[in-house]
Amino acid sequence: MTEPAMDTGSFSARHAAKKDWKLDAGLQRAIQMSLAGGVRHVVDIGAGVGKYVEWLRDECRVEALGLDGIPGVGDLSNGLVEECDLTGVLSQREFDLGVCAEVGEHIPLELTEQFIANITSIVALRLLVSWAVPNQRGRNHINCQSPEWVANAFGRHGWQLQWDATEQLRKIAGKGWDHKLLFFHR
């Protein structure tokens with residue numbers, strides 16, 4: 001049984017240290033496609049212990065940083081991920097691409113607007129977001145939303161859902177991502 005998430009939706013340090021963090025090959029392919037066109041600075045929002053950050057740095061040769069609210073995540077990730085409250089106000093910085101996979105559904109509804117404002121304030125060009133849909137199974141899913149709801153929420157912050165690119169990335173990512181992966185452009 002999984003420990004409940006913290007009030008902000010983040011995993012506890014104890015759970016994060018025990019969790020078997022894995023890379024998803026389909027999501028890796030979608031992220032690689034999102035890097036096309038000169039993306040050099042990437043942020044993984046809700047990065048866990050930084051497996052994708054490490055992969056982005058080592059295999060994709062881009063500057064990458066992870067952000068997560070797990071207490072002590074800097075030590076757990078060997079410095080790949082900065083500890084921060086994703087539902088609080090983030091310090092100003094700018095990344096070309098933001099990846100936020102498997103995070104939004106864990107954020108309490110009352111903190112969702114600040115969470116989205118944070119994401120959209122630190123990313124300049126592209127966002128690759130997944131958000132669990134209503135009735136999707138999963139642990140600690142407390143805020144599942146339809147793709148239309150997510151598109152509208154990001155749209156209020158100046159981001160446009162790119163349907164053609166979304167469909168292409170969903171096909172590339174494959175099963176499991178085909179209904180919840182969304183690609184936005186500013």
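Below is a table of values for the structure above.
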quantity	calculated
Residues of region 40-61 satisfying the condition of being crowded, with 18+ Cβ neighbours inside 10 Å and in a loop (DSSP other than H, G, I, E, B)	GLY46, ALA47, GLY48, VAL49, GLY50
Selection count where residues are touching a residue at least 12 places away in the same chain (Cβ under 8 Å), within 13 Å of ASP96 (Cα to Cα) and not charged (D, E, K, R), scope region 21-44	8
Count of region 17-39 residues which are within 12 Å of VAL49 (Cβ to Cβ), of a type outside the set (Asp, Glu) and assigned to a loop (DSSP other than H, G, I, E, B)	4
Pick from region 101-147, criterion among the aliphatic types (A, V, I, L, M) and assigned to a helix (DSSP H, G or I), ranking: nearest to the chain's Cα centre (by Cα)	ILE119
Failed item, numbered, when ILE142 is tested on (1) among the hydrophobic types (A, V, I, L, M, F, W, C); (2) within 20 Å of ALA64 (Cβ to Cβ); (3) modelled with pLDDT under 95	(2)
Residue satisfying all of: in region 96-114; free of Cβ contacts under 8 Å to residues at least 60 places away in the same chain and under 27 Å from ARG40 (Cα atoms); surrounded by the most Cβ atoms within 10 Å (Cβ to Cβ) among these	GLY104
Cross-chain or 6+ apart pairs with Cβ under 6 Å, region 144-159 first and surrounded by fewer than 20 Cβ atoms within 10 Å (Cβ to Cβ), then assigned to a helix (DSSP H, G or I) and not aliphatic (A, V, I, L, M)	CYS144/GLU105; HIS157/THR120
Qualifying residue in region 79-99 (condition: at pLDDT 95 or above, farther than 16 Å from SER34 by Cα and part of a loop (DSSP other than H, G, I, E, B))	yes
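The values are calculated or read from the model by the stated rules, or taken from the named source; none is laboratory data. Predicted model only: the values in this text are computed from it and were never measured. Note that we place each Cβ from the backbone using ideal geometry, even for glycine, and neighbour counts take in every protein chain shown.
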